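The values are calculated or read from the model by the stated rules, or taken from the named source; none is laboratory data. Predicted model only: the values in this text are computed from it and were never measured. Using ideal geometry, Cβ is built from the backbone for each residue, glycine included, and neighbour counts are taken over all protein chains shown. Quick note on the areas: whole protein, heavy atoms, side chains included, nothing else; ligands and nucleic acids left out. Shrake-Rupley method; radii C 1.70, N 1.55, O 1.52, S 1.80 Å.
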Amino acid sequence: HGGQASAPAEVHAHGHAHVHGHGTATVDELPNSGVGNVNVRAAFIHVLGDCAQSVGVIAAAGVIWAGNHFTYGTPTKHGSLYNIADPVASLLFGIITLFTTVSLVRGILRVLMHSTPETVDMPQLKAQLRAIPHFRGMHHLHVWSLTFDNIFLSAHIIAEQSHHADVLTAAEHICNSHGIGHTTIQMDSPLNDCTVTTRPGIRCQ
C-alpha cells in the first residue's frame, strides 16, 4: 500500500516444513537429547553417591579393624585414632557428592532464568551465522532452554529478499549443529526506513 514494504516472512523451525498462506513457514526439528533429562541425571548422581559412600564405609571399617588389630591386638579400641576413619570417609564422600551436584543445580537455575545453556557456544554460533553467504545482519538473537534437552533460538536475520530461503536453510543447519532443536527465525530485508540498526548503513524492519 502506497509503496510501503510488505511485512517480513516469519519462519519457525521445528522439523517438517509446511508453508502457510500468510507467509509463515514452520520447520520441526527433533530435540537434542544428548544432554539428558534432569531427573535421570539427578537419580544417577544419587546412585553414584550411595555407591561411593558404601565403598567409603567398607574402606573405613577395614582401616579401623586392621589398624586396631595390628596396633592394639584387638579389632576395636575406645579412643583409638583409627576410629576417626569412619567420619572422615563420610565427610570426604559427602563433599565429593556435593560437588557433583553443583553443575546440576547451576543448569537448573539457568533453565529457570532462561539463560543461554552452557552447551551452546554463543560466540562461535554468531560467527558461523555471520559467515553465511548473503548474510547482511542480525538482531534480537536469543538462545534459551525449557529443559536440559530442549534448546530454543529466536532471531531476526537480514538478507536480500532473493536469498532468504538459502540463508534460512544454512542458519537452521548451523543451529542444529549446536544442539538447538527449536528455532524461530524471522527473515528481514535491508531497508532504509527501518528502526533497528544492525550494521553501519543497514537497517531492518
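The table that follows gives values for the structure above.
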| quantity | calculated |
| --- | --- |
| Karplus (6.51, -1.76, 1.60) ³J(HN,Hα), θ = phi - 60°, over segment 100-107, in Hz, Gly and Pro reported as x | 6, 8, 4, 5, 5, 5, 4, x |
| Accessible area per residue, Å², segment 49-117 with all protein chains present, probe 1.4 Å | 67 |
| Placed amide H near residue 138: partners under 5 Å, 5+ positions off or other chain | 158 |
| Largest to smallest accessible area among 172, 118 [probe 1.4 Å] | 118, 172 |
| Spacing of the two label points (7 Å from each Cα toward its C-beta) at residue 42 and residue 69, in nm | 4.3 |
| Segment 62-205 - percent relative contact order, Cα under 8 Å, separation 6 or more | 16 |
| Sites residue 104 and residue 61, calculated FRET efficiency, Cβ-Cβ separation with R0 41 Å, nearest 0.05 | 0.85 |
| With every protein chain in place, segment 106-192: carbon and sulfur % of accessible area (1.4 Å) | 57 |
| Pair residue 95, residue 121: separation of 7 Å Cα→Cβ label points (nm) | 3.4 |
